[in-house]
1. What are the pairs, 6+ residues apart or on separate chains, where a residue within the range 518-532 that is farther than 22 Å from residue 476 by Cα and open to solvent by 40 Å² or more (accessible area, probe 1.4 Å) has its Cβ under 6 Å from a residue that is among the aliphatic types (A, V, I, L, M) and in a helix (DSSP H, G or I)?
2. So in the range 103-128, with the set limited to residues that are assigned to a loop (DSSP other than H, G, I, E, B) and modelled with pLDDT under 95, which one is surrounded by the most Cβ atoms within 10 Å (Cβ to Cβ)?
3. Restricted to the range 238-250, and to residues that are in a helix (DSSP H, G or I) and open to solvent by less than 10 Å² (accessible area, probe 1.4 Å), which residue is nearest to residue 210 (Cα to Cα)?
4. Might you check whether a residue that is at pLDDT 95 or above, of a type outside the set (S, T, N, Q) and either closer than 24 Å to residue 265 by Cβ or surrounded by 24 or more Cβ atoms within 10 Å (Cβ to Cβ) (or both) occurs anywhere in the range 380-394?
5. Among (1) part of a helix (DSSP H, G or I); (2) farther than 27 Å from residue 84 by Cα; (3) among the charged types (D, E, K, R), which single condition is residue 320 missing?
6. Would you please name the residue that is nearest to the chain's Cα centre (by Cα), looking only at residues in the range 134-182 that are of a type in the set (Ser, Thr, Tyr), assigned to a loop (DSSP other than H, G, I, E, B) and surrounded by fewer than 18 Cβ atoms within 10 Å (Cβ to Cβ)?
7. What number of residues within the range 183-213 satisfy the criterion of being acidic (Asp, Glu) and either within 18 Å of residue 119 (Cα to Cα) or surrounded by 24 or more Cβ atoms within 10 Å (Cβ to Cβ) (or both)?
8. Out of (1) open to solvent by less than 60 Å² (accessible area, probe 1.4 Å); (2) within 20 Å of residue 177 (Cα to Cα), what's the single condition that is false for residue 51?
Amino acid sequence: MPRPHTEPKPAAATGSRTAGTADPDPVGGVLSTAALAFLTDLHRRFAGRRRDLLAARQRRRAETARTGRLDFRPDTADVRCADWRVPAPPADLTDRRVEITGPTERKMAINALNCGARVWLADLEDANTPHWANVLGGQRNLADAVRRTIELRTEAKTYRLGPGPYPTIVVRPRGWHLDERHLTIDGAPAVGALVDAGLYLFHNAAEQLARGSGPYLYLPKLESHEEAALWHDVFGHIEQTIGLPCGSIRATVLIETITAAFEMDEILWALGPYAAGLNAGRWDYLFSIIKNFRDAGGRFVLPDRSAVTMTAPFMRAYTELLVATCHRRGAMAIGGMSAFIPNRRDAEATARAIDQVRADKQREAADGFDGSWVAHPDLVAVCREVFDEILGQRPNQLDRVRPEVAVTADQLLDVAVPSGTVSSGTAISGGVTEAGLRGNVAVALRYLEAWLRGNGAVAINNLMEDAATAEICRSQIWQWIHNGVRLPDGTPITAELVRRIGADELATIRASLPELAWSTSRFADAHTLFDEVALDDDFVDFLTLPAYRLID
């Protein structure tokens, strides 16, 4: 399989800008004439290939539904068997022992830069609602963060940067599936991924290099190495257009789909000089399994979300394969995010969260990961202490190549969870409980309401929920209904039962809120949206697709 390359094409003219009901550029300067011309060029060169790749996803999903099977691809066996390595990481990506994730909202950006982590994953994706103001405001905040001028003054407090050192900034754009309807090019919505990555790189790539860092990205929701090859060509064109040295852009790919798990080697190969590492995006990975095998029978039905931990055999197979693949190729292996977060008003809940996160990071460090994610500044020290114990003075564990790891397709696809057996049809489920069902409904409703208001990362019951965890909640409900799963007392899980639980949850929420808070909330819209993404017979690929219609 040859490495992808970029075909030279003539420069394109500037496209049109449409903002619908929103101000085209409320923060000012982000959509300059030059930036808009740059995005227009990207769209005209690459939007067609992106469209074809999205169609290929649907064909592959149909084949998976027909066969109930995935496997390592025979047409890329030569890449998996060959001896090759990605380029060494740049200096400020050699030590990634603790990474903090969070949206690019101004206050949270300042807190992330001050928290002591090695890397800040600046999230324009699952932790961000793509309101137009959020999209452009996030770009302005990133530009100020890169230049160390970011500050926020409120009536109560002024937030500003401390003395440093500051984490390396790695930006996560939206996935290939999302459009940006506030910006039209040649009469069509722009590609969200190209808008996010394009604007960040256009405004900041040269500045980052001048400051001794570089333009680094996290790439979400890839489903094949062909999608990585598209990013490769986008990066090559951007470097040529802006005048960056080849390989200045470096990307870490989230392995958060079951199809990508079968193409880890190929994805690194396809990225070529831009590959930096892989990340175990555990929550979207679980969602991807449910989505791809939702109609493949009872053996793919998962129990309560809380019962599916990283110690489940199929999750162990996934993370072991990721570490072994990365280190064989000289790429960084980054662990995922434990959802537990501290509560500064509840010492007991905080102690539980710290214990859970410590155990999670100890497992990852022992397995050979080079670092991991946390979702809250108070957890940075916990993660750092765990990796310090393993790493000592070393920056990473790239020398630990894990030759003993040999993961098969069957191991990746055997989703049985020992502590949560599920039977479908007329049998009774021992792994799906009423508490688990109610929890999924509650989290989905509360998260969707917050997302519609513009908050993409939400603390619910001392867990950090984002779009990925909400996807698990709603897709599990769909899967349980359509596979005839029953609760332990024999009650079948039906759409009507879920609607009753939803009404109960909304009544509880309404009773807990002042009248003004309830009347100005988006719970009515969230309820309608939940019914669509969890209860419709036709499964919606991503809840953010219909949700996007409901925001400015």
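The values are calculated or read from the model by the stated rules, or taken from the named source; none is laboratory data. All figures in this text were calculated on a predicted structure; none of them were measured in a lab. A quick note on method: Cβ atoms are made from the backbone with ideal geometry, for glycine too, and the neighbour counts reach across all protein chains shown. Each accessible area value is taken on the protein alone, full model and side chains, heavy atoms only, with ligands, DNA and RNA left out. Shrake-Rupley method; radii C 1.70, N 1.55, O 1.52, S 1.80 Å.
1. 522/452
2. So, considering only residues that are assigned to a loop (DSSP other than H, G, I, E, B) and modelled with pLDDT under 95, the one surrounded by the most Cβ atoms within 10 Å (Cβ to Cβ) is 126.
3. 239
4. There is at least one residue in the range 380-394 that is at pLDDT 95 or above, of a type outside the set (S, T, N, Q) and either closer than 24 Å to residue 265 by Cβ or surrounded by 24 or more Cβ atoms within 10 Å (Cβ to Cβ) (or both).
5. The one condition residue 320 does not meet is (2).
6. By that ranking, first place goes to 149.
7. Residues that pass the stated criteria total 2.
8. If we test residue 51 against (1) open to solvent by less than 60 Å² (accessible area, probe 1.4 Å); (2) within 20 Å of residue 177 (Cα to Cα), just (1) comes out false.
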